[in-house]
Amino acid sequence: MSSTMPMQEYISPGHMACPGCGAVLAMRYILNVLGEKTVVVIPASCWSVIDGVFPYSAVRVPLFHTAFETAASVASGIKAGLDIQGDTETTVLAFAGDGATFDIGFQALSGAAERNEDFIYVCYDNEAYMNTGVQRSSATPYGAWTTTTPVRHPKDRPKKRILEIMAAHEIPYAATASIAYPDDLSAKVKKAKGIYGTKFLHIFSPCPTGWKSKSSQIIKIARLAVHTKVFPLYEVENGFTFHINMEPKNIPVREYLKLQGRFAHLSEEDIADIQRQVDEEWEHLLKRALY
Amino acid sequence: MGKQITFDKKEDLPLVTSSFESMAWNKTGDWRYLKPIFQDKTPPCNNSCPAGEDVQGYLYLAQKKKYKEAWNLIKEENPLPAVCGRACMHPCEDSCNRGEFDEPINISAIERFLADNAIKQGYILPPIKRKKKKEKIAIIGSGPAGLSCAYQLKRIGYQVTIFEALPALGGMLRIGIPDYRLPKDILEHEIDTILELGIQIQTKARIDKETIAKDMKDFHAIFIATGCHKSIRLGIAGGDSRSVISGLDFLKDIHFGKKVPLGKKVAVIGGGNTAIDTARLALRLGAKPFILYRRTPAEMPAIKSEVIQAENEGIEISYLTAPTRIISKGNRVTALECVKNRTGPPDSSGNKTLIEIKDSHFPIEVDNIISAIGEIPDISILPEEVDLENRLIVTDESLKTTMNGVFAGGDVKSPLRSIAHAIGSGKRAAIAIDRYLKAKTLEDVMDTIRIGDGPGLSMRSYLQRDDPSRRKTKQVVRYKDINIDYFEQKPRHAVKTLSIEERVSSKKEVHLGFPCETALQEAGRCFNCGVCNHCDNCYIFCSDLAVIKHKGKTRNTIDYDHCKGCGVCIEECPRDAMYMEREEK
Ligand SMILES: Cc1cc2nc3c(=O)[nH]c(=O)nc-3n(C[C@H](O)[C@H](O)[C@H](O)COP(=O)(O)OP(=O)(O)OC[C@H]3O[C@@H](n4cnc5c(N)ncnc54)[C@H](O)[C@@H]3O)c2cc1C
Ligand SMILES: Cc1ncc(C[n+]2csc(CCOP(=O)(O)OP(=O)(O)O)c2C)c(N)n1
Ligand code: SF4
Ligand SMILES: [Mg+2]
């Protein structure tokens, strides 16, 4: 594919992620663009573990581990500290899971976004609380199995539309991205880096362990998420200007679902239902993009 | 990097937990139970090329605009790319994986571009440094089989002499295939590049069993590549009439500038390349030829695209039509009586049987009859020790005949009659002769030099001019192995052809070559099946940062200390140039 992504690496091998972890790629692609002058804030999550154990870190830039609900407030604080020091070069990156973003850290994030704090907030979305053993979050998709939404009672509520919620704060930049499309992802990080204020990136990060999928297929699954319209790639500028970055190939959702054990219990009807939901959401997005 | 830290005393501990080293000390490779391995496999195009060309290899070089290197790479295996780029039946295209995606790569047009470009730019082959050998080898016949064998033997280091019955070299390439398909200056140029290596030639030297016995004692081995130059006679009443011309003689006579008086109505009998070429050449000489073929279109042995060209040029082909009698007035043929056939059930060889339709005889007025119903080898020249079967020379896998030191290849040995097969058999014979003279067997090296599970052999591997670490496994990459998510549909570029008017009024080449830009774009469509082209997907998608890039052309490697064996690299390799192996624990 011959990528345009910078190849200077800021993550060392030997980290503690599961084989085929999408969250590592998300962090890797972002740091390759942001470079050395970056401070990372990580709330409790898989990434707290991935980074390694004292006195080591798999990330080669300063990284602050913080409490589950505090990513956005700590990032605000670090940015204020850098300001006081007169450091305008360093980028502050909050890097949080979906649990920390959609649920428990949401109050802190919403507050920071409303104040338009100057940092990049990345939600790496693996669609459940993975680090504690696959509990549902409000990012878990409709129909999915988790340990708290067992097969007999799979998730019966749709995934929260976080990007629109964040865009509704009228922050300068909000975008979705996927580890299957590193060039698109890198371009968005680069764009975010050049904008003042709160930038929110929602990155689709498959988790073979929690999704009961093959570790080898994470990129394929992420690619299918885009092309089945399950996870469209788009961006929103200043709260209102929607722009779709990649035309989905319109592959049936079945192709996406069938690669993942967390959807194995779904009946034909369930799948048809999910297809309808996905189509509806896409129509909804199209309307906004045309608006 | 990767240091482990120990704090000896409590006081050495930092006040706040902080990190001092990376995690590289942590050898996560221990977690792995499947091991990814970089390994090139055989592309289907390479696998199906009887001449053993590294098709994918030169398409890749063409993608990189390395046209000279691409030409050199073809020349390692085949001394006649300008010929093959024009007249090869290109089985490579039939097996091209891209054919299942959209359309096969136009490999022949790219091959022709590379060869024509080499002629235009005056490229010469880089010399190969090998010790001269004292052994002398005689090649009988200078068609593609003889030329290929001579070329490769010379490259190995032998002293080679070609004996050719005709006044000029090239075999069917010269006397069979007409100028409008293969201009003779192009052929001569490629023959010259072969002779420049220092090959002795004797033209007008018809060899037979006596000369072999008398004059060839000095030679350490002989390669017979005399082809099929005897035309089969029309076995019908009047068929011996002197006014029935043989197709091959007609092509040959025109080539050597003889006048062949033709009327308007020229009946060409037959369905092979000779018939089609004869009719198309007669058309260009002002006649109004038509073709009579006793079987169905599907059974016609001529190259399909050539048949279509002939029809486009206005040559009518009557199928299921067989001549039964020639009607002459004095020495002049006036008419041809024919009968219509219908097909019956297939016979033991799978061909449909032909049944004459009763009372369907009809006469056709003709000025000339050209019989092109097939050619057979002239076996009268062969020594008795050389065994034959179905009028073809019998050999083993190494093309060794039943006579000691005598090898045979091309049309005189194989029913698979094509330029590429002839070139391939010339190469096989060259390798086999080298093995024979070293008292070794071909079989011993087959594993190294055989391309996939196909007919071709690699001279490059035989002469160890390739990188042994990049030798391909025998596994042939199929369409299902390609990750098509990395490719977009793009239509194949077709070659332009002369207008029909221009064609029939001249002997100019019908197909025009690709301009450079088109060749580049068409080569760019190639998937590079099974062969790493440094796309770096393995590197980009490795979440363990365990793929290591190197400078220059060196292939990526895997840091097995850290690779956890997730398999993403295997899945995302667009061209299946990797495989997984179970880890032995
Ligand atoms: C009209 C025609 C068109 C064709 N078109 C195509 C095509 O488009 N594509 C394709 O792939 N194939 C084509 N073929 C088939 C192809 O040309 C042959 O398969 C190929 O040339 C065989 O090569 P060869 O070296 O075995 O024999 P040849 O090319 O036949 O060469 C044999 C040589 O040996 C010489 N010779 C014979 N006897 C003696 C002797 N006793 N002493 C010394 N020399 C001798 C002959 O004069 C000749 O030069 C065509 C064939 C014909 C007849
Ligand atoms: C206040 C608080 N509640 C619960 C936890 C336990 N905990 C640690 S990580 C985690 C899950 C994090 O989920 P998510 O943010 O989606 O990240 P993931 O692990 O999936 O990458 C939980 C529940 C905690 N550390 N703090
Ligand atoms: S796509 Fe390229 S490598 Fe693959 S079969 Fe076709 S020509 Fe060969
Ligand atoms: Mg999560």
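The values are calculated or read from the model by the stated rules, or taken from the named source; none is laboratory data. Predicted model only: the values in this text are computed from it and were never measured. Here Cβ is always computed from backbone atoms with ideal geometry, including for glycine, and neighbour counts include all displayed protein chains. When the accessible area is computed, the model is the full protein with side chains, heavy atoms only, and any ligands, DNA or RNA have been set aside. Shrake-Rupley method; radii C 1.70, N 1.55, O 1.52, S 1.80 Å.
Looking at the range A:150-256, the helices (runs of 4 or more DSSP H) lying wholly inside it that each contain 1 or more residues that are open to solvent by less than 10 Å² (accessible area, probe 1.4 Å), away from chain B (no Cβ under 12 Å) and under 26 Å from A:Q135 (Cα atoms) sit at A:162-167, A:208-211, A:218-227. Residues in the range B:483-522 that are under 28 Å from the mean Cα position of the chain (by Cα), free of Cβ contacts under 8 Å to residues at least 24 places away in the same chain and part of a helix (DSSP H, G or I): B:E517 alone.
The set of residues from the range B:556-577 being part of a loop (DSSP other than H, G, I, E, B), more than 7 Å from chain A (Cβ to nearest Cβ) and open to solvent by less than 30 Å² (accessible area, probe 1.4 Å) comprises B:N556, B:C563, B:C573, B:P574, B:R575, B:D576, B:A577. Here is the figure for the range A:103-133: residues that are within 11 Å of ligand 4 (Cβ to nearest atom), crowded, with 24+ Cβ neighbours inside 10 Å and in contact (Cβ under 8 Å) with a residue 60 or more places away in the chain total 7. Hey, among the residues in the range B:492-537 that are within 14 Å of another protein chain (Cβ to nearest Cβ) and of a type outside the set (F, W, Y), which one's surrounded by the fewest Cβ atoms within 10 Å (Cβ to Cβ)? Across the range B:492-537, the extreme among qualifying residues is B:G524.
Exactly one residue out of B:R417, B:R391 is under 21 Å from the mean Cα position of the chain (by Cα), basic (K, R) and surrounded by fewer than 24 Cβ atoms within 10 Å (Cβ to Cβ), and it is B:R417.
Within the range B:297-330, the set of residues being assigned to a strand (DSSP E or B) and free of Cβ contacts under 8 Å to residues at least 12 places away in the same chain comprises just one member, B:K329. Comparison of A:S12, A:S3, A:S45 shows that the only residue that is open to solvent by 10 Å² or more (accessible area, probe 1.4 Å), at the interface with chain B (Cβ under 7 Å from one of its Cβ atoms) and of a type in the set (G, A, S) is A:S3. With respect to the stated conditions, B:A432 fails to be within 30 Å of B:L251 (Cα to Cα) and of a type in the set (G, A, S).
Restricting B:V339, B:V333 to residues that are part of a strand (DSSP E or B), at pLDDT below 90, open to solvent by less than 40 Å² (accessible area, probe 1.4 Å) and of a type outside the set (D, E, K, R) narrows the list to B:V333. Those strands (runs of 3 or more DSSP E) of the range B:186-256 in which 2 or more residues are open to solvent by less than 80 Å² (accessible area, probe 1.4 Å) occupy B:221-224, B:244-246.
Do we find that A:A58 is touching a strand residue (DSSP E or B) at 6+ places or on another chain (Cβ under 7 Å) and facing chain B (nearest Cβ under 7 Å) in this structure? When the stated conditions are applied, A:A58 passes them. Counting residues in the range B:315-329 that are open to solvent by less than 20 Å² (accessible area, probe 1.4 Å) and either within 16 Å of ligand 3 (Cβ to nearest atom) or within 14 Å of another protein chain (Cβ to nearest Cβ) (or both) gives zero. Reported count of residues in the range B:197-224, each being under 21 Å from B:E384 (Cβ atoms) and within 30 Å of the chain's Cα centre (by Cα), is 8.
For the range B:508-529, what are the residues that are within 14 Å of ligand 3 (Cβ to nearest atom) and either touching a strand residue (DSSP E or B) at 6+ places or on another chain (Cβ under 7 Å) or basic (K, R) (or both)? Across the range B:508-529, the qualifying residue is only B:R525.
Of the numbered criteria (1) surrounded by fewer than 18 Cβ atoms within 10 Å (Cβ to Cβ); (2) touching a residue at least 24 places away in the same chain (Cβ under 8 Å); (3) more than 30 Å from B:D447 (Cα to Cα), the one B:I379 fails is (2).
Only residues that are within 16 Å of ligand 1 (Cβ to nearest atom), open to solvent by 30 Å² or more (accessible area, probe 1.4 Å) and part of a loop (DSSP other than H, G, I, E, B) were counted across the range B:342-376, and they come to 1. Tell me whether the range A:84-99 contains one or more residues that are assigned to a helix (DSSP H, G or I) and buried (at least 23 other Cβ atoms within 10 Å of the Cβ). Checked the range A:84-99: at least one residue is assigned to a helix (DSSP H, G or I) and buried (at least 23 other Cβ atoms within 10 Å of the Cβ).
Would you call A:A75 without any contact (Cβ under 8 Å) to a residue 60 or more places away in the chain, under 18 Å from the mean Cα position of the chain (by Cα) and assigned to a strand (DSSP E or B)? It is false that A:A75 is without any contact (Cβ under 8 Å) to a residue 60 or more places away in the chain, under 18 Å from the mean Cα position of the chain (by Cα) and assigned to a strand (DSSP E or B).
The residues of the range A:15-42 that are facing another protein chain (nearest Cβ under 9 Å) and touching a Lys or Arg at 6+ places or on another chain (Cβ under 7 Å) amount to a single one, A:P19. In the set (1) within 16 Å of ligand 4 (Cβ to nearest atom); (2) touching a strand residue (DSSP E or B) at 6+ places or on another chain (Cβ under 7 Å); (3) touching a residue at least 24 places away in the same chain (Cβ under 8 Å), A:R136 fails one condition alone, (3). Taken as a whole, the structure places B:L545 among residues that are within 12 Å of chain A (Cβ to nearest Cβ), touching a strand residue (DSSP E or B) at 6+ places or on another chain (Cβ under 8 Å), free of Cβ contacts under 8 Å to residues at least 40 places away in the same chain and not polar (S, T, N, Q).
Among the conditions (1) open to solvent by less than 10 Å² (accessible area, probe 1.4 Å); (2) at pLDDT below 95, the only one that B:I540 does not satisfy is (2).
Taking B:A408 as the residue in question, decide whether it is closer than 22 Å to B:I156 by Cα and open to solvent by 20 Å² or more (accessible area, probe 1.4 Å). Taking the combined requirement at face value, the residue does not satisfy it. Take the conditions (1) of a type in the set (S, T, N, Q); (2) under 28 Å from B:L437 (Cβ atoms); (3) within 11 Å of ligand 1 (Cβ to nearest atom); (4) in contact (Cβ under 8 Å) with a residue 60 or more places away in the chain; B:S231 misses just one of them, which is (2).
In the range A:15-64, the residue that is farthest from ligand 4 (Cβ to nearest atom) out of those that are under 13 Å from A:A94 (Cα atoms) and in a helix (DSSP H, G or I) is A:L34. Where helices (runs of 4 or more DSSP H) sit wholly within the range B:7-99, those with at least 1 residues that are among the polar types (S, T, N, Q) and more than 14 Å from chain A (Cβ to nearest Cβ) occupy B:44-48, B:55-63, B:67-77, B:91-95.
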